[in-house]
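Read through the structure below, which is laid out as structure tokens, and then see the notes.
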Amino acid sequence: MPIRVLISHESTAIPCEKCGYPTLHVAHLVTPEGQCIGRKLVCTLCQERESQEQEAPEKLPAG
């Protein structure tokens, strides 16, 4: 099982440098055994947008 990225419900969001929205959180990196092995800054808006772009990449015009 992969490492999980968990954001606390009590986390206070701050403005993201990339998108400008207050959607940047400190997330905990957690092993399958439940051990926290680190922290990471995660923008929930940018992450969602990047996931959607990976699923359906833009089509390039024929030419």
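The values are calculated or read from the model by the stated rules, or taken from the named source; none is laboratory data. Keep in mind that this is a model prediction, so the values were computed, not measured. Here Cβ is always computed from backbone atoms with ideal geometry, including for glycine, and neighbour counts include all displayed protein chains.
Among the residues of region 20-49, those that are assigned to a loop (DSSP other than H, G, I, E, B), surrounded by fewer than 14 Cβ atoms within 10 Å (Cβ to Cβ) and in contact with a strand residue (DSSP E or B) (Cβ under 7 Å, 6 or more places away or on another chain) comprise 22, 31.
For region 13-59, a tally of residues being in contact with a Pro (Cβ under 9 Å, 6 or more places away or on another chain) and free of Cβ contacts under 8 Å to residues at least 12 places away in the same chain returns 3. Residue 60 falls short of the stated requirement of being at pLDDT below 95, outside any helix (DSSP H, G or I) and surrounded by 11 or more Cβ atoms within 10 Å (Cβ to Cβ).
Among the residues of this structure, residue 12 does not count as one that is at pLDDT 95 or above and surrounded by fewer than 14 Cβ atoms within 10 Å (Cβ to Cβ). Name the single residue, out of those in region 1-15 being under 13 Å from the mean Cα position of the chain (by Cα) and part of a strand (DSSP E or B), that is farthest from residue 36 (Cα to Cα). Among those residues, the one meeting the criterion is 7.
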